[in-house]
Amino acid sequence: MPHPPVPARRTLLTLLAAGPAASALGGPAAAPARAASGTTATPASGTTAPTAPGVTVPGIVKALPAEHFTVRGTNAEARFDAFGDAGLLTPNDRFFVRNHTTTPVLDAADWRLTLWGDGLHGRGPVHFSYGQLRDLPSVTRTALIECAGNGRSLYTSQQGEPVTGTSWTLGAVGAARWRGVRLSDVLHRAGIARDAVALQPRGLDAPYVSGGVDHGRVRRPLPVAKAFDDVILAYEMNGEPLPYDHGYPVRLVVPSWVGIASIKWLGDIEVSTRPLTSPWSTDWYRLFGPAHPEGGSEPIGRQTLKSAFHLPFGAALEAGRTHRLTGRAWSALAPVRSVEVSTDGGARWRPARLLDTPRRNGWVRWSAPWRPHRTGPVTLLSRTTDTAGNTQPERAVHNTQGYLFNAVVRHPVTVA
Ligand SMILES: Nc1nc2c(c(=O)[nH]1)N[C@H]1C(S)=C(S)[C@@H](COP(=O)(O)O)O[C@H]1N2
Ligand SMILES: [Mo]
């Protein structure tokens, strides 16, 4: 068995004070702890300290004003209903945060990436400093990051089915322009062997402890084929250094795959000639339940497709005037081809107007005018179809952990 290198703990300037995370930092190299809270740290993005009212979550650095975020445990969901003014790219200060533990505030100056494992020619570990990564040719690409469980609560609210996990509505998704280096370039330079089949990137955040079990640091196997396709090690998000909460100094961006693949605060990558596993590929991020194979599906790779309105659930709309309904649609499987809307609970559908050119790994905004006449409750629906012919179904196939919700969202409003 190859021996994993000790993670570069000394690069962790701070973690949430006290508890197992802080004690893991013990030792002479550990810098004084500073809580990752909304009031003490200066985000790497250079945004100012929070002044807007909102909840401060221990473990998330940036401000979480209530008009843009809903806090869910250690996570912050972006308010999808407020995306109407957000543009095609999600601003860094409005991007959702999914943290298994807490945001570590790292220092790029003493950060390094380690590649190790029997899948490297030299066998010994290979290191890259932040400066060495920045000196490699850079690429910039737009990609969505979407949690596998985005829309999870709709399994229950819309389909009456129980699920475990964070009760996201539709805001565990965002689009950004990522700049960094190709993972393939780094793998070549590190001397990846021809017979390497699996990678396992791992974060520098604290080990994830749940139900009294220490699952270790967040890590998940990544097939070599995907790594060589379009994965990047990103150090910029929308033209700024990665914010602390989004993986500063370096994170993976794995386009079109479920968010868990895009490991933040990347510390090391195991390169192996044999398949690798972690709890994030065996216990979670598989589909379990009666509709799936005994023992679960294969680990989830790609995300699915969705569309939704930029409106709060239960929004009140005035009768007798024309409203411009807007929303977004996206598919991880192919570019969006069309969006249809229904304003009568699904009896009749009409096309929405696409406001952006559909692209792979992006979303499109759309609009449809609606002039309601009768007052009372109405269910609005939107349904997208992509160029590969995938369409949102009426019902999503249930899985116990509520991943990959893809059904048409039934959006209640009131005409008054
Ligand atoms: N190291 C580390 N990487 C991580 C996570 C984490 O908790 N730790 N969460 C993952 C999950 S589940 C998602 S959905 C995305 C969220 O990215 P964001 O917080 O930048 O939106 O990061 C992924 N990468
Ligand atoms: Mo996620």
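FYI, it's all coordinate maths here, none of it is from the lab. Only a predicted model underlies this, so the values are computations on that prediction, with no experimental measurement involved. Quick reminder, even Gly has a Cβ in these numbers, built from the backbone with ideal geometry, and neighbours come from all protein chains shown.
Tabulated results
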| item | result |
| --- | --- |
| Rounded to whole Hz, the Karplus (6.51, -1.76, 1.60) HN-Hα couplings of segment 268-280, x for glycine and proline | 8, 10, 7, 10, 10, 8, 10, x, 10, 9, 7, x, 6 |
| Hydrodynamic radius (Kirkwood) for segment 69-282, which is based on Cα pairs only, to one decimal in Å | 17.8 Å |
| Hypothetical label at R374: residues of segment 340-356 whose amide nitrogen lies under 12 Å (7 Å Cα-Cβ projection) | 344-345 |
| Tail weight of P(r) past 42 Å, computed on alpha-carbon pairs of the chain, percent | 14 percent |
| Residues with amide H under 5 Å from that of A352, placed H, sequence gap 5 or more | V339, E340, V341 |
| Listed residues C147, N390, L204: farthest to the positive end of the dipole of the chain (Cβ charges) | N390 |
| Dipole magnitude of segment 305-415 about its Cα centre (Cβ charges: Lys, Arg +1; Asp, Glu -1), debye to nearest 20 | 220 debye |
| Full-stretch length increase - D135, L333 - with 0.36 nm per residue and alpha-carbon distance subtracted | 68.0 nm |
| Highest-fluctuation residue, L305, L136, L183 considered, GNM on the chain with Cα pairs under 10 Å | L136 |
| Å³ per residue enclosed by the Cα convex hull of segment 305-415 | 102 Å³ |
| Extension gain from L88 to T56, taking 0.36 nm per residue of separation minus the Cα-Cα distance | 8.8 nm |
| From the C-alpha gyration tensor of segment 50-120, square roots of 5λ in Å | 30, 16, 12 |
| Within the chain: Cβ-based charge dipole about Cα centre, in debye rounded to nearest 20 (Lys, Arg +1; Asp, Glu -1) | 700 debye |
| Sites D195 and W349 - FRET efficiency at Förster radius 56 Å, r taken between beta-carbons, to 0.05 | 0.65 |
| Extension reserve of the A225-V213 stretch, reckoned as 0.36 nm per residue once the Cα distance is removed | 1.1 nm |
| Peptides 142-153, 206-217 ordered by average Cβ neighbours within 10 Å, highest first | 142-153, 206-217 |
| Packing-based ranking, highest mean first, of 401-410, 123-132 given that Cβ atoms within 10 Å are counted | 401-410, 123-132 |
| Antiparallel bridges, percent of DSSP beta bridges restricted to segment 69-282 (to nearest 5) | 95 percent |
| Karplus 3J(HN,Hα) series, Hz, for segment 323-334 with 6.51 cos²θ - 1.76 cosθ + 1.60 (x for Gly, Pro) | 9, 9, 7, 10, x, 9, 9, 8, 9, 7, 9, 5 |
| Calculated [θ] (222 nm, deg cm²/dmol) that DSSP helices of n ≥ 4 give over the chain, each run adding -39,500 (n - 2.57) | -2000 deg cm²/dmol |
| Cut-off under 5 Å, modelled amide H: who pairs with A206 long-range | T102 |
| Positive-pole candidate from H121, N92, W111, dipole of segment 68-124, charges at beta carbon | H121 |
| Under 12 Å, Cβ to Cβ, from R274 - net charge with Lys/Arg +1 and Asp/Glu -1 | -3 |
| Only Lys, Arg (+1) and Asp, Glu (-1) charged, at Cβ; segment 69-282 dipole about Cα centre in debye | 340 debye |
| Karplus-derived HN-Hα couplings along segment 188-201 (A = 6.51, B = -1.76, C = 1.60, θ = phi - 60°), whole Hz, x at Gly and Pro | 4, 5, 7, x, 5, 7, 4, 9, 5, 10, 9, 10, 9, x |
